[in-house]
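Enquirer: Have a look at the structure that comes next, please.
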Amino acid sequence: MLTLMRTKRVGARRDCAGFTIIELIVVIGVISILMSLLLPAFGAVRRSAQQTECQSNLRQIGVAHQMYMNLNREAFVDVDLPHGGIGDPRNSWLSKLPRMFHDSTLALRSPADRSPYWALDDGGAWEGMTLNQALDFLEANPGETLQPAQISRWSSYGVNYLLTRKFGAYVQIEDGKVKTQEFHRLRWIPRPSETVHFTVMTEGARHGYSDPEFARSDHFHSDEWLDIPDQEELPLWVVREIELGIHGGPTAGWDSRSSYLFVDGRTVVLSFRDVYVDADRNAFFPPASQP
């Protein structure tokens, strides 16, 4: 009797054994199918969150700039980090706009930014100073300037050079006459809601068209885009200065999507074709902006 009961218990244990190999393969297959279905959805959610945060960062910059204009008779903030040259961040918007928030942190980095030109202390690979280190150094050494190698990527964002005092004026020659236009005050912008003020600077290493010098600058040269002879190829030139596809689409194409802050404070994610048609119709050159 005892022997029989013991045999039944042993048989019961075998009945409760783990999965067979076939069952494991089926389970793994089901999990793989589910992951393949869910991963794109997770990626879309992540991209959407990054876009929202990037727009929020630009919106903060817009608020700080509005406060700056209120204190400076509608004058726009300036730049002073030449691409590849010697710069003084004390004169740059990177120094002046954070002060509008009483030196509290102004979000200057897009969550989608993967540039290696951030300083080592900012998680990048460039052996230069962080923005705070640079400002502290210049405050302690008023007569000093920064060499190009000391300037890291201090912001994901850059300002339209046409809308600065540093640029001075846009000069054209029409019918033998010199025509000068200035755009560094609000009242000189015909359509503030249709004119791009800030956007994302090139990361400098994501693709073959990038420029590491512009990745460490505080502005982009939209005035020079007007002179590109083949406007169909324009994205291949523009992407050297600004990151056209940080929020989707091709790296350098008309359907590339990025974040834009307009002069009136509006922030939106748009494709490049939405902000640039040609030299006579675009959102970067104020007289060419379309209602």
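The values are calculated or read from the model by the stated rules, or taken from the named source; none is laboratory data. The structure displayed is predicted, hence computed values, not measured ones. FYI the Cβ positions are ideal-geometry reconstructions off the backbone, even for glycines, and counts take in every protein chain you see.
Enquirer: Looking at region 259-281, which of its residues are without any contact (Cβ under 8 Å) to a residue 40 or more places away in the chain, assigned to a strand (DSSP E or B) and not charged (D, E, K, R)?
Expert: Answer for region 259-281, where residues must be without any contact (Cβ under 8 Å) to a residue 40 or more places away in the chain, assigned to a strand (DSSP E or B) and not charged (D, E, K, R): Leu270, Ser271, Val277.
Enquirer: Next question, about the same structure. What number goes with the only condition from (1) modelled with pLDDT of 95 or more; (2) in a loop (DSSP other than H, G, I, E, B); (3) in contact with a Phe, Trp or Tyr (Cβ under 8 Å, 6 or more places away or on another chain); (4) buried (at least 16 other Cβ atoms within 10 Å of the Cβ) that Thr199 does not pass?
Expert: (2)
Enquirer: Might you let me know whether region 139-154 holds any residue that is touching a residue at least 40 places away in the same chain (Cβ under 8 Å), surrounded by 14 or more Cβ atoms within 10 Å (Cβ to Cβ) and under 13 Å from the mean Cα position of the chain (by Cα)?
Expert: For region 139-154, residues touching a residue at least 40 places away in the same chain (Cβ under 8 Å), surrounded by 14 or more Cβ atoms within 10 Å (Cβ to Cβ) and under 13 Å from the mean Cα position of the chain (by Cα): present.
Enquirer: So in region 97-119, with the set limited to residues that are closer than 12 Å to Leu131 by Cβ and buried (at least 16 other Cβ atoms within 10 Å of the Cβ), which one is nearest to the chain's Cα centre (by Cα)?
Expert: Arg109
Enquirer: Follow-up question, since we're still on this one. Tell me, yes or no, whether region 159-170 has at least one residue that is in a strand (DSSP E or B), modelled with pLDDT of 95 or more and either buried (at least 24 other Cβ atoms within 10 Å of the Cβ) or hydroxyl-bearing (Ser, Thr, Tyr) (or both).
Expert: Checking region 159-170: at least one residue is in a strand (DSSP E or B), modelled with pLDDT of 95 or more and either buried (at least 24 other Cβ atoms within 10 Å of the Cβ) or hydroxyl-bearing (Ser, Thr, Tyr) (or both).
Enquirer: It is to be established whether one or more residues within region 213-231 are assigned to a strand (DSSP E or B), under 14 Å from the mean Cα position of the chain (by Cα), surrounded by 21 or more Cβ atoms within 10 Å (Cβ to Cβ) and in contact (Cβ under 8 Å) with a residue 12 or more places away in the chain.
Expert: yes
Enquirer: Still on this structure: If I filter region 31-56 down to residues being of a type in the set (Gly, Ala, Ser) and modelled with pLDDT of 70 or more, which single residue comes out as farthest from the chain's Cα centre (by Cα)?
Expert: So the residue we want is Ser32.
Enquirer: If you scan region 77-96, which residues turn out to be within 15 Å of Thr130 (Cα to Cα) and part of a loop (DSSP other than H, G, I, E, B)?
Expert: The answer is Leu81, Asp88, Ser92.
Enquirer: In the set Gly265, Gly245, which member is surrounded by 15 or more Cβ atoms within 10 Å (Cβ to Cβ) and under 16 Å from the mean Cα position of the chain (by Cα)?
Expert: Gly245
Enquirer: A follow-up question, please. What single numbered condition from (1) closer than 29 Å to Val269 by Cβ; (2) touching a residue at least 12 places away in the same chain (Cβ under 8 Å); (3) not in a helix (DSSP H, G or I) fails to hold for Leu236?
Expert: (3)
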